[in-house]
Amino acid sequence: MDPKAILHNQDVYLCDDEALLAEQTRCLEVLYDFNQTRPSEGEKRQALMQKLFAEVGEHCYIEPPLRANWGVNTHLGKSVYANFNLTLVDDTHIYIGDHVMIGPNVTIATAGHPVDPALRKRVAQFNLPVSIGNNVWLGAGVVVLPGISIGENSVIGAGSIVTKDIPANVVAVGNPCKVLREINERDREFFYQDRRIDYSRL
């Protein structure tokens, strides 16, 4: 089997293939260059993002430092914003929709390891894709585990560990992350607790 194809077949494999590691190193060289850019080098950052990721929509912005296992397995829609210290464990595909906001210190992981210690000793791994819908907000410190889907417009509260799929149009929080409530009319009136939105300023 093609060494790269084994990343995406969702089965257990041994992740010590030399050709695979060499290809990953080539990707990480681009990531290194991205993280060394200066704040004034916006055009250079955009060009490196085009080389690093599978897809990059218009008006995407990622604040360095960025961590990724590959980069080339991550797909960004348009107008994606990610704050400091985004970690993409993208050994298989991560799909991030349009207008997604990602807070600082977020981890999105597709890779896991068998619980069986004998397999882990042999560097066994499996990869399951992650999908994040349009207009999702991942708060600071969120961790999204392998195989998870998050529906459009949903908000994942800071510090949450997402272990199961989250539907669209909800606020979900906690460890493990659970749906707290649906997004509702009150959210059009208040932006934080009892602080009212002044639309005349917007």
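Go through the residues of segment 128-149 one by one and say whether even a single one is more than 19 Å from the chain's Cα centre (by Cα) and surrounded by fewer than 18 Cβ atoms within 10 Å (Cβ to Cβ).
Within segment 128-149, none of the residues are more than 19 Å from the chain's Cα centre (by Cα) and surrounded by fewer than 18 Cβ atoms within 10 Å (Cβ to Cβ).
Annotation note: Cβ proximity below 9 Å between a residue of segment 7-22 that is touching a residue at least 40 places away in the same chain (Cβ under 8 Å) and a residue that is surrounded by 13 or more Cβ atoms within 10 Å (Cβ to Cβ) and aromatic (Phe, Trp, Tyr) (sequence gap 6+ or interchain) occurs for LEU7/TYR13; LEU7/TRP70; GLN10/PHE126; ASP11/PHE126; VAL12/PHE126; TYR13/PHE126. THR110 passes every criterion in (1) under 30 Å from GLY151 (Cβ atoms); (2) modelled with pLDDT of 95 or more; (3) in contact with a helix residue (DSSP H, G or I) (Cβ under 8 Å, 6 or more places away or on another chain) apart from (3). Within segment 55-80, the only residue that satisfies the criterion of being on the phi < 0 side of the Ramachandran plot, touching a His at 6+ places or on another chain (Cβ under 6 Å) and buried (at least 17 other Cβ atoms within 10 Å of the Cβ) is ASN73. Does at least one position in segment 14-36 carry a residue that is modelled with pLDDT under 95, surrounded by 13 or more Cβ atoms within 10 Å (Cβ to Cβ) and touching a strand residue (DSSP E or B) at 6+ places or on another chain (Cβ under 7 Å)? Yes; the residues of segment 14-36 include at least one that is modelled with pLDDT under 95, surrounded by 13 or more Cβ atoms within 10 Å (Cβ to Cβ) and touching a strand residue (DSSP E or B) at 6+ places or on another chain (Cβ under 7 Å). Whether any residue in segment 41-63 is farther than 21 Å from SER154 by Cα, in contact with a helix residue (DSSP H, G or I) (Cβ under 9 Å, 6 or more places away or on another chain) and of a type in the set (Ser, Thr, Tyr) is what I want to check. Checked segment 41-63: no residue is farther than 21 Å from SER154 by Cα, in contact with a helix residue (DSSP H, G or I) (Cβ under 9 Å, 6 or more places away or on another chain) and of a type in the set (Ser, Thr, Tyr). For segment 115-127, taking the residues that are of a type in the set (A, V, I, L, M, F, W, C) and surrounded by fewer than 16 Cβ atoms within 10 Å (Cβ to Cβ), the one that is farthest from the chain's Cα centre (by Cα) is identified as ALA118. Each residue in segment 37-54 was checked for being more than 19 Å from ASN83 (Cβ to Cβ), touching a strand residue (DSSP E or B) at 6+ places or on another chain (Cβ under 9 Å) and not polar (S, T, N, Q), and 1 pass.
The values are calculated or read from the model by the stated rules, or taken from the named source; none is laboratory data. Values in this document were obtained by computation on a predicted structure and should not be read as measured data. So basically every Cβ, Gly included, is an ideal-geometry build from the backbone, and we count neighbours across all protein chains shown.
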